[in-house]
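K.L.:
Handing you a structure now.
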Amino acid sequence: MPNSRRWPRWFPLAGWSLLSILGGALLVFLATVTFGGVHGTEFCPQTFERRSYSYYELPLLHIQMTGERHQDLTGSTEKCITSNKFVTPINGKRDWHVLVGSRGTRLRRPGDAGILLQYLDAEESSEVYRWVRWSEQHTELAKILWPAVQRLALRDMYVFMPDLFDLTKQTDDGTKLQEQLDRYTAGKLLVLGQRLTQQKDATAVKVLDEALALDPNSAEIKQARETAFSEQPKETGAQK
């Protein structure tokens with residue numbers, strides 16, 4: 001009888017190793033697809049754009065496995081604001097503030113930017129957005145309101161947005177509205193600047209400079225700026 005063919009001793013081990021690798025890869029793939037999806041929507045204060053984002057990551061390790069995909073979701077109110085130049089898009093670095101999102105099976109806590117989006121998405125009817133109509137009917141006031149909104153949004157201070165809109169509803173006098181919004185915004189920037197000063201954050205002076213530009217007669221802002229400036233790191237060594 002002919003001798004039966006004998007496989008090399010390493011062959012079964014290699015086969016089982018290959019099956020283990022393939023099985024592990026399949027498990028990782030299924031876990032990533034099932035539990036590694038990251039999705040949400042976000043808002044950019046520099047450009048007043050809205051978009052969705054999505055990608056996949058390794059569960060638990062949070063290592064991104066796919067490229068991030070985006071879809072433009074900019075609403076009618078944002079388009080009205082930018083097309084009518086009520087705000088000026090800011091070139092350079094863009095910040096994206098999360099509105100809502102999820103990671104795997106967990107929902108992310110809604111972001112503060114959603115406060116602003118409640119106003120941007122407010123409707124008077126199925127085809128008419130409240131602040132689009134208001135901006136078209138009150139062009140000069142819109143040129144005052146929306147820059148103030150953008151200024152707070154850039155600092156991620158969305159919790160103060162309702163007060164801006166409430167102040168705007170109370171007057172049709174452009175000069176009065178400008179004074180009220182400038183003073184209110186300066187006050188919020190003052191609080192932020194003081195907190196940054198306590199944290200030894202180098203941006204404190206910049207924030208307080210912005211507040212002082214809005215309310216140049218405020219002794220409190222001037223004092224806070226002097227304090228922030230005095231606590232900035234001092235350069236050592238002579239400049240040559």
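Each reported figure results from applying straightforward, stated rules to the coordinates on display, with no laboratory input. Because the structure is predicted, anything quoted here is derived from the model rather than measured. Cβ: placed from backbone, ideal geometry, glycine included. Neighbour counts: every protein chain shown.
K.L.:
Restrict the search to segment 97-189; then list the GluC sites (Glu not before Pro) that DSSP places in a loop and that have at most 14 other Cβ atoms within 10 Å of their Cβ.
P.N.:
Passing both the DSSP loop test and the Cβ count: 124, 127.
K.L.:
If the cut-off is a Cα-Cα distance under 22 Å, which lysines reach residue 143, setting aside same-chain residues fewer than 8 apart in sequence?
P.N.:
By straight Cα distance, residue 143 reaches 79, 85, 169, 176, 188.
K.L.:
Summing +1 for each Lys or Arg and -1 for each Asp or Glu, what net charge is found among the other residues whose Cβ lies under 11 Å from the Cβ of residue 144?
P.N.:
Spelling it out: positives minus negatives among the neighbours equals -2.
K.L.:
May I ask for the distance between the Cα centers of segment 203-233 and segment 121-164, given as a whole number of Å?
P.N.:
Result: 27 Å between the Cα centres.
K.L.:
Give me the net charge of residue 82's neighbourhood, meaning all other residues with Cβ under 15 Å from the Cβ of residue 82; Lys, Arg count +1, Asp, Glu -1.
P.N.:
Neighbour charge sum, excluding residue 82 itself: +2.
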